[in-house]
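Contents: one structure, followed by commentary.
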Ligand code: BCO
């Protein structure tokens, strides 16, 4: 005879039909318990599938309010993707493995559900505790469980710190708080992403389709979060059209090069009422602190700067919930370990200038590019010891924020474009007026820096009208190579500074432009 059925939740609406049928069969002992069952995968993800096919009520999986007007609504799909990211935080930066115990002492905040489901996904043992626990209570639990990690909020952080030295098994402290705390990993920092997108967001990433920023902001990161990608054709950039677009469409998230923000803050922005704008991002070139301040003063919105490259995507960012240090490009972002290194590949201490580099050993970040196609020498040149070198120089401060200093080579960063001087020089030399030229960066209040060409003229052109010839050369470059590279400044010179072997010393001209000795 079968034993009587065990009691289970009768509200069948809570179960997907398949799970419910299985559960009832198991309950009646018609079926054995399955060998493998994971609530996250077998229940939550099934609901997520049903959401996709429109078989659910449309209610969110989690609906959180705090009585102060803040609200979080996650569909099962969102809960699924966020909890997978939380699982990555637990297994990667926190280094936890299946079977490890995790003490979780959080108030009723959404992150509690994320960590909970993340533990299920990864086979970690989730040990909840109320925030009323005292230091003594926490010590007891940590010692008895041999927990490897504690996830806690500000409310109990001090208590945890007071006993942590007595817990030899505890390896990681993960803080769930918008503020950082010494000695703790920050859940927000590891978990949040620069774009801060939800599926209800509408992102307008202004970047041209040719750049990595289009891959990040207009394709992968946006659609990963189910957000709507907004596109304005805008063949020619125009600040009025730009501002009208923000007032006409319910764009929530804006991403543009600093040059665009520099152009926008010239306008009286208070006259414009942006429909829904809440999160503004920038990258591609350094953002001056003044522009950040002006944008904030005029719109009430922060500007979150990120830093990255085609080879690696975004590697540093000012993320939501993290203090912004104006002028800094934020902290390193997962999965990268960003460091400042010297010419021998040694890590430099905070405050020391060196090259911005990414650690590749012993784990190569999954999002790191594989190689420059058919160019093993160029690929090899980017490697130094355990690191990939970005070619950019910078400084990290004692809080882990990175500050851009400049290129380590001759590349010019203008309006968010990276321009190799050789391309421009090659275009110029095609013109009969040019004997030789040297192309360097020159400061510009709007574009950060612009391309400047020092040109030695051929004899027949030496007496030409300099203004007319400048325009002629500029038009020539615009036709010969991509127009954004054209030299916005041209200076005619008798000769160029050279080394004894005849190599043009661009650095002398660049230093002269930037008033450096
Ligand atoms: O300024 P000018 O008018 O003198 O010259 C402009 C154009 O008029 C001209 N031009 C364009 N097409 C032409 C042409 N001339 C002749 N024939 C044609 N067919 O060339 C110049 C192009 O300069 P521009 O693109 O800077 O133009 P504009 O209108 O001033 O645009 C300003 C920006 C800020 C909108 C533009 O510079 C821009 O989009 N910059 C951002 C670039 C970007 O997205 N970078 C990110 C790279 S990804 C990355 O760094 C990873 C990190 C996140």
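The values are calculated or read from the model by the stated rules, or taken from the named source; none is laboratory data. Treat the numbers as computed from the prediction; the structure is a model and nothing was measured. Cβ placement follows ideal geometry from the backbone for every residue including glycine, while neighbour counts extend to all protein chains displayed.
At-a-glance table
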{"item": "So residue 327, is it within 19 Å of the chain's Cα centre (by Cα), in contact (Cβ under 8 Å) with a residue 40 or more places away in the chain and surrounded by 19 or more Cβ atoms within 10 Å (Cβ to Cβ)", "result": "no"}
{"item": "Scan of region 186-204 for residues that are within 16 Å of the ligand (Cβ to nearest atom) and surrounded by 22 or more Cβ atoms within 10 Å (Cβ to Cβ), ordered by number", "result": "194, 195, 197, 203, 204"}
{"item": "Test set (1) surrounded by 19 or more Cβ atoms within 10 Å (Cβ to Cβ); (2) within 21 Å of residue 315 (Cα to Cα) - residue 215 fails condition number", "result": "(1)"}
{"item": "Candidates 488, 506 - the one that is within 16 Å of the ligand (Cβ to nearest atom), touching a residue at least 24 places away in the same chain (Cβ under 8 Å) and in contact with a strand residue (DSSP E or B) (Cβ under 7 Å, 6 or more places away or on another chain)", "result": "488"}
{"item": "Strands (runs of 3 or more DSSP E) contained entirely in region 412-468, each with at least 2 residues that are within 27 Å of residue 291 (Cα to Cα) and more than 14 Å from the ligand (Cβ to nearest atom)", "result": "434-444"}
{"item": "Every residue from region 461-471 that is touching a residue at least 24 places away in the same chain (Cβ under 8 Å) and either buried (at least 17 other Cβ atoms within 10 Å of the Cβ) or under 35 Å from the mean Cα position of the chain (by Cα) (or both)", "result": "461, 469"}
{"item": "Residues being assigned to a loop (DSSP other than H, G, I, E, B), buried (at least 17 other Cβ atoms within 10 Å of the Cβ) and within 16 Å of the ligand (Cβ to nearest atom) - total across region 395-410", "result": "0"}
{"item": "Residue in region 342-367 that is modelled with the highest pLDDT, counting only those that are part of a strand (DSSP E or B) and surrounded by fewer than 21 Cβ atoms within 10 Å (Cβ to Cβ)", "result": "347"}
{"item": "Within region 136-159, tally of residues that are within 12 Å of residue 105 (Cα to Cα), part of a helix (DSSP H, G or I) and either touching a residue at least 24 places away in the same chain (Cβ under 8 Å) or within 29 Å of the chain's Cα centre (by Cα) (or both)", "result": "8"}
{"item": "Some residue of region 269-277 being in contact (Cβ under 8 Å) with a residue 12 or more places away in the chain, surrounded by fewer than 16 Cβ atoms within 10 Å (Cβ to Cβ) and closer than 15 Å to residue 202 by Cβ", "result": "yes"}
{"item": "Among (1) closer than 30 Å to residue 46 by Cβ; (2) within 16 Å of the ligand (Cβ to nearest atom) - the single one residue 207 does not satisfy", "result": "(1)"}
{"item": "Residues (out of contact with any strand residue (DSSP E or B) (no Cβ under 7 Å at 6 or more places or on another chain) and either near the ligand (Cβ under 10 Å from one of its atoms) or over 22 Å from residue 88 (Cβ atoms) (or both)) located in region 312-323", "result": "313, 323"}
{"item": "Which listed residue, of 494, 474, is surrounded by 14 or more Cβ atoms within 10 Å (Cβ to Cβ) and modelled with pLDDT of 95 or more", "result": "474"}
{"item": "Hits in region 241-265 (condition: within 15 Å of the ligand (Cβ to nearest atom) and over 21 Å from residue 297 (Cβ atoms))", "result": "241, 245"}
{"item": "Selected residue (only one of 83, 57 is buried (at least 21 other Cβ atoms within 10 Å of the Cβ) and out of contact with any strand residue (DSSP E or B) (no Cβ under 9 Å at 6 or more places or on another chain))", "result": "83"}
{"item": "Pairs where the first residue, in region 283-297, is closer than 24 Å to residue 216 by Cα and the second is within 13 Å of the ligand (Cβ to nearest atom) and assigned to a helix (DSSP H, G or I), C-beta under 6 Å, 6+ apart", "result": "285/258; 287/258; 291/261; 291/262; 295/261"}
{"item": "Check on residue 304, more than 18 Å from residue 196 (Cβ to Cβ), touching a strand residue (DSSP E or B) at 6+ places or on another chain (Cβ under 7 Å) and within 15 Å of the ligand (Cβ to nearest atom)", "result": "no"}
{"item": "Boolean, residue 162 is away from the ligand (no atom under 16 Å from the Cβ) and either assigned to a helix (DSSP H, G or I) or modelled with pLDDT under 95 (or both)", "result": "yes"}
{"item": "Any hit, region 178-185, residues being touching a residue at least 60 places away in the same chain (Cβ under 8 Å) and either in contact with a strand residue (DSSP E or B) (Cβ under 7 Å, 6 or more places away or on another chain) or crowded, with 18+ Cβ neighbours inside 10 Å (or both)", "result": "yes"}
{"item": "Checklist (1) in contact with a strand residue (DSSP E or B) (Cβ under 9 Å, 6 or more places away or on another chain); (2) part of a helix (DSSP H, G or I); (3) within 16 Å of the ligand (Cβ to nearest atom); (4) within 24 Å of residue 284 (Cβ to Cβ) applied to residue 473, failing item", "result": "(4)"}
{"item": "Search result, residues across region 120-135 that are within 32 Å of the chain's Cα centre (by Cα) and part of a helix (DSSP H, G or I)", "result": "120, 121, 122"}
{"item": "Residue 230 being more than 9 Å from the ligand (Cβ to nearest atom) and either over 25 Å from residue 332 (Cα atoms) or surrounded by fewer than 17 Cβ atoms within 10 Å (Cβ to Cβ) (or both)", "result": "yes"}
